[in-house]
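> Sharing a structure, written as structure tokens. Questions coming.
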């Protein structure tokens, strides 16, 4: 819990900008506690992407590489995040055939968000969606969401041994090597700093080398620089997907337990049809309707064809059975019709 708390009484407490920044400064203060290491490391790697972007713009700029960087950042990093962190890591919508396939998928993109930062808090998000306790509650504003990884998504550093074991269970299927309980008490995290640092460095070294082999420093700096756009943009992703805390759900947003909406852009670039996802969070597919492309599901299907996925759960049929087909029937029943004599159409319900 942040210092300003989740609520006042039963109502969400919206902290002031000053309260948020004061809390954020404390959460990143390594002199105050070594347990701030995780936020400091994630910010350090995110900020280290900016010099790559500067080098690209000042030395290697071209519109062709700008397009390549845009597609890598907006489409592939977004799709990979949806596949690995969201549908597999959090909701276990599918299973890998073995550890090798899991390792390959896990590292098919640059590492930016550690598993424990995303997965654990996302379980909480679904349990308290748009309510006090939701770690990135859009009702509390953009900054509340943007800095949530440091303010609201951290695990409780004072868990009992029993609860810590339960926590580790939320991440066990990802292959993340967990700290012992004694190490957790020291570092306040599931992941050990040395292991996460090594994971970042090896992953980034591999991908910079691969990009360099394909297109030299020009391509590598373009893609690394554009990755910064995703690294910072993902921090406020939920603010947009929950319509800035406003109720902007439309007729085909069938989930009414949250403010999630089926935004066009996230859906197109990452298969993130968010209202559909809240309706069936464990589904391997979220783009249920023909005009809702799902790049994440397309990748998972391809990976299954290659032998990497052994099973999945797809709720598309249930979506049509429980929600879309009844909606269509209700609209048809209420639609105006022509009586056949040229008279003004009347409603079935009012006739």
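FYI, it's all coordinate maths here, none of it is from the lab. On a predicted model such as this, the values are computed, not experimentally measured, just so you know. Cβ sites come from the backbone with ideal geometry, for glycine too, and all protein chains shown count toward neighbours.
> Any chance you could check the Cα centroid distance between region 266-341 and region 108-138 for me, in angstrom?
Centre-to-centre (Cα) distance: 23 Å.
> Under the definition of Cα pairs under 8 Å and six or more residues apart, what whole-number percent is the relative contact order of the chain? Write out the running numbers ahead of the final one.
Values: 476 pairs, mean separation 78.0, N = 351.
Here the relative contact order equals 22 percent.
> At 7 Å along the Cα-to-beta-carbon direction for both residue 66 and residue 127, put a label point, then send me their distance in nm to one decimal.
Result: 4.6 nm between the two label points.
> Sorted by packing (mean other beta-carbon atoms within 10 Å per residue), highest first, where do 100-110, 135-145 land? If you can, show how the numbers build up before the last one.
Details: 100-110: 17.1, 135-145: 21.5.
Top to bottom by mean Cβ count within 10 Å: 135-145, 100-110.
> If the viscosity is 1.002 mPa s and the temperature 20 °C, what Stokes-Einstein diffusion coefficient in µm²/s follows for region 110-203 when Rh is the Kirkwood radius over Cα pairs?
Using the Kirkwood radius from Cα pairs, D works out to 151 µm²/s.
> What does the convex hull of the Cα atoms come to per residue for region 7-314, in Å³?
Looking at region 7-314, the number lands at 150 Å³ per residue.
> Starting from 0.36 nm per residue, how many nanometres of slack lie between residue 47 and residue 310 once their C-alpha separation is accounted for?
Stretched fully, the residue 47-residue 310 segment lengthens by 90.9 nm.
> Given a Förster radius of 35 Å and the C-beta distance between residue 173 and residue 10 as r, what FRET efficiency does 1/(1 + (r/R0)^6) yield to the nearest 0.05?
After rounding to 0.05, the efficiency reads 0.50.
> Shifting gears a bit: Starting from the Cα-Cα distance between residue 291 and residue 1, subtract it from 0.36 nm times their residue separation and give me the gain in nm to one decimal.
So the chain would gain 100.4 nm between residue 291 and residue 1.
> Sticking with this structure for a sec: May I ask for the angle, rounded to the nearest 10°, between helix 325-334 and the longest principal axis of the chain, with both axes built from Cα atoms and the value confined to 0 to 90°?
Orientation of helix 325-334: about 40 degrees from the principal axis.
> Sticking with this structure for a sec: Any idea how far the Cα center of region 176-200 sits from the one of region 36-57, in Å?
21
> Relative to the longest principal axis of the C-alpha atoms of the chain, give the angle of the C-alpha long axis of helix 17-27, reported between 0 and 90° and rounded to the nearest 10°.
40
> Still on this structure, please answer the following. Per DSSP H run of at least 4 residues, take -39500 (n - 2.57); add these up for the chain, divide by its residues and hand me the 222 nm value, nearest 500 deg cm²/dmol. Please list the in-between numbers first.
Details: 17 runs with 167 residues, N = 351.
Rounded to the nearest 500, the figure is -14000 deg cm²/dmol.
> Using the basic label-point model (7 angstrom from Cα toward the beta carbon), what is the residue 21 to residue 166 distance in nanometres?
The two pseudo-label positions are separated by 3.8 nm.
> Give the angle, between 0 and 90 degrees and rounded to the nearest 10, that separates the Cα long axis of helix 295-305 from the longest principal axis of the Cα atoms of the chain.
Taking the Cα atoms of the chain, the angle to 295-305 is about 80 degrees.
> Moving on to the next point. For the peptides 274-286, 243-255, 10-22, what is the packing order when you average, over each peptide's residues, the other Cβ atoms within 10 Å and list the highest mean first?
274-286, 243-255, 10-22
> Grab the Cα-Cα distance for residue 198 and residue 181, subtract it from 0.36 nm times how many residues apart they are, and report the gain in nm with one decimal. Present the calculation step by step, with values, prior to reporting the outcome.
Numbers: separation 17, 0.36 × 17 = 6.12 nm, distance 2.12 nm.
Here the answer is 4.0 nm.
> Choose one answer from 242, 327, 86: the residue with the largest mean-square fluctuation in a GNM of the chain with alpha-carbon springs under 10 Å.
Among 242, 327, 86, the largest GNM mean-square fluctuation belongs to 327.
> Testing the spin-label approximation: label points 7 Å from Cα along Cα→Cβ at residue 31 and residue 332. State their distance in nm.
For the pair residue 31/residue 332, the computed spacing is 7.1 nm.
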